[in-house]
Amino acid sequence: MTPDTSAGTDVAAIQTRLRKMNSKASQLKLDLHDLSEELPLGWEGILDVARRTYDAYAEVAVLENELRAAKEAAK
């Protein structure tokens, strides 16, 4: 019998997605910070940048939970 490597593949895939999403979330955080420093200029973009930042960090949280579950399943 060969060992089941699908769990390991799942972990690696989730880790890759998590790294990419962390990078995107960090960039959005910086964008939001930059926007706040330029206020009151550009105030119209606050909600858009804040929503995209929120959504990115929500996705990071989901991926972290998936990663935990995949690692537990791989044990």
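Conditions tested, residue by residue: (1) in a helix (DSSP H, G or I); (2) under 17 Å from the mean Cα position of the chain (by Cα); (3) among the polar types (S, T, N, Q).
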residue: Arg19; (1), (2), (3): yes, yes, no
residue: Lys24; (1), (2), (3): yes, yes, no
residue: Gln27; (1), (2), (3): yes, yes, yes
residue: Pro40; (1), (2), (3): no, no, no
residue: Asn65; (1), (2), (3): yes, yes, yes
Residues that are surrounded by 14 or more Cβ atoms within 10 Å (Cβ to Cβ) and farther than 22 Å from Glu37 by Cα, drawn from the stretch 49-61
Glu59, Val60
Residue in the stretch 1-47 that is surrounded by the most Cβ atoms within 10 Å (Cβ to Cβ), counting only those that are of a type in the set (S, T, N, Q) and at pLDDT 95 or above:
Asn22
Kindly establish whether Thr53 is touching a helix residue (DSSP H, G or I) at 6+ places or on another chain (Cβ under 6 Å) and among the hydroxyl-bearing types (Ser, Thr, Tyr).
yes
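The values are calculated or read from the model by the stated rules, or taken from the named source; none is laboratory data. These numbers come from a predicted model, not from an experiment. Because the Cβ atoms are built from the backbone with ideal geometry, glycine has one as well, and the counts that use them run over all protein chains shown.
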